[in-house]
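These notes concern the structure reproduced below.
The values are calculated or read from the model by the stated rules, or taken from the named source; none is laboratory data. Nothing here was measured: the structure is a model prediction, and the numbers come from that model. Backbone-built Cβ (ideal geometry, glycine too); neighbour counts: all protein chains shown. Calculation scope for accessible area: heavy atoms of the full protein, side chains included, ligands and nucleic acids excluded. Shrake-Rupley method; radii C 1.70, N 1.55, O 1.52, S 1.80 Å.
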Amino acid sequence: DDVLYARVVALGLCQPRAGAEVVTLATLLERFNDAASVKASTRAAYKQTTDSLRSRLGEQSPLGSITPAHADAWRKAIAEPVKVKGDDGKETTKQLAPATVAKRVHVARAIFKRAVRWGLIHSNPFAELRAGSQSNPDRAFYVTPDSVRAILAACPDDEWRAIVALSRYAGLRCPSEIVALRWGD
């Protein structure tokens with residue numbers, strides 16, 4: 001039957017039947033993007049991951065052909081340093097932070113988990129991929145009271161001073177928690 005034959009095809013033991021639709025990575029990524037109802041910043045993070053999946057795995061790759069070995073190679077590729085040319089023509093070496101790599105691995109696992117749930121593939125090739133920590137202690141910085149006073153003095157009006165004060169002294173997230181505040185709060 002078609003289900004059993006599709007499993008044999010997914011294992012690479014035979015070719016798909018003539019006329020059978022082959023679901024590609026591009027199809028999955030488009031469907032995932034359409035199904036995701038997320039904020040613009042989250043969509044931007046998803047796009048970084050989907051772009052790297054497209055460039056490394058090839059968007060016309062059949063989903064059934066993507067293996068855990070491909071997932072491992074993708075993770076290794078995004079974690080390695082790359083040489084890039086700046087606007088001035090100078091070549092520099094850049095590397096994603098471990099936290100960024102971890103975030104992209106989490107997103108890739110979620111995308112392929114959704115593919116399994118939708119019945120597009122039988123198992124998630126990214127399921128066992130190690131992500132790592134998403135924290136980045138190198139970015140930790142203590143903002144001193146003197147710095148906050150200088151920022152408050154530079155604010156153009158009371159609304160901006162309230163935003164800075166609520167962020168620094170009340171610990172509210174900006175902008176999500178601050179814009180949700182109402183006078184009754």
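Counting only residues that are more than 13 Å from Ile111 (Cα to Cα), give me the helices (runs of 4 or more DSSP H) lying completely in the range 23-95 with at least 1 of them.
40-57, 68-79
Scan the range 131-183 for residues that are open to solvent by less than 60 Å² (accessible area, probe 1.4 Å), part of a helix (DSSP H, G or I) and among the β-branched types (Val, Ile, Thr) and jot them down.
If the condition is that a residue be open to solvent by less than 60 Å² (accessible area, probe 1.4 Å), part of a helix (DSSP H, G or I) and among the β-branched types (Val, Ile, Thr), then Val148, Ile163, Val164, Ile178 are the ones that fit.
Suppose we filter Arg114, Arg109 for residues that are open to solvent by 30 Å² or more (accessible area, probe 1.4 Å), touching a residue at least 24 places away in the same chain (Cβ under 8 Å), in contact with a Phe, Trp or Tyr (Cβ under 7 Å, 6 or more places away or on another chain) and not aliphatic (A, V, I, L, M); which single one remains?
Being open to solvent by 30 Å² or more (accessible area, probe 1.4 Å), touching a residue at least 24 places away in the same chain (Cβ under 8 Å), in contact with a Phe, Trp or Tyr (Cβ under 7 Å, 6 or more places away or on another chain) and not aliphatic (A, V, I, L, M) holds for just one of Arg114, Arg109, which is Arg114.
Scanning for something open to solvent by 50 Å² or more (accessible area, probe 1.4 Å) and modelled with pLDDT of 90 or more, does the range 10-26 turn up at least one residue?
Scanning the range 10-26 turns up no residue that is open to solvent by 50 Å² or more (accessible area, probe 1.4 Å) and modelled with pLDDT of 90 or more.
Please tell me if Leu63 is touching a residue at least 40 places away in the same chain (Cβ under 8 Å), in contact with an Asp or Glu (Cβ under 9 Å, 6 or more places away or on another chain) and surrounded by 11 or more Cβ atoms within 10 Å (Cβ to Cβ).
Considered against the rule, which asks whether it is touching a residue at least 40 places away in the same chain (Cβ under 8 Å), in contact with an Asp or Glu (Cβ under 9 Å, 6 or more places away or on another chain) and surrounded by 11 or more Cβ atoms within 10 Å (Cβ to Cβ), Leu63 comes out as no.
If a residue has to be open to solvent by less than 50 Å² (accessible area, probe 1.4 Å) and either under 17 Å from the mean Cα position of the chain (by Cα) or among the basic types (Lys, Arg) (or both) to count, how many in the range 75-99 make the cut?
Going through the range 75-99 one residue at a time, the tally reaches 6.
Only one of Ser52, Ser41 is farther than 25 Å from Ala6 by Cα and buried (at least 16 other Cβ atoms within 10 Å of the Cβ); which?
Only one candidate passes the filter, namely Ser52.
Collect the residues in the range 7-40 that are more than 23 Å from Trp74 (Cβ to Cβ) and within 22 Å of the chain's Cα centre (by Cα), keeping them in residue-number order.
Ser37, Lys39, Ala40, listed by residue number.
What's the number of the only condition in (1) closer than 21 Å to Arg117 by Cα; (2) open to solvent by 60 Å² or more (accessible area, probe 1.4 Å); (3) of a type outside the set (Ser, Thr, Tyr); (4) in contact with a Leu (Cβ under 8 Å, 6 or more places away or on another chain) that Asp72 fails to meet?
Condition not satisfied by Asp72: (1).
Please verify whether the range 43-60 includes one or more residues that are touching a strand residue (DSSP E or B) at 6+ places or on another chain (Cβ under 6 Å) and within 17 Å of Ile121 (Cα to Cα).
yes
Would you check if there is a residue in the range 162-180 being within 30 Å of Thr67 (Cβ to Cβ) and of a type in the set (Ser, Thr, Tyr)?
no
Among all residue pairs at least 6 apart or on different chains, which show Cβ distances below 6 Å where the first residue, located in the range 163-185, is under 15 Å from Ile151 (Cβ atoms) and the second is in a helix (DSSP H, G or I) and open to solvent by 70 Å² or more (accessible area, probe 1.4 Å)?
Close Cβ pairs satisfying both conditions: Val164/Ile151.
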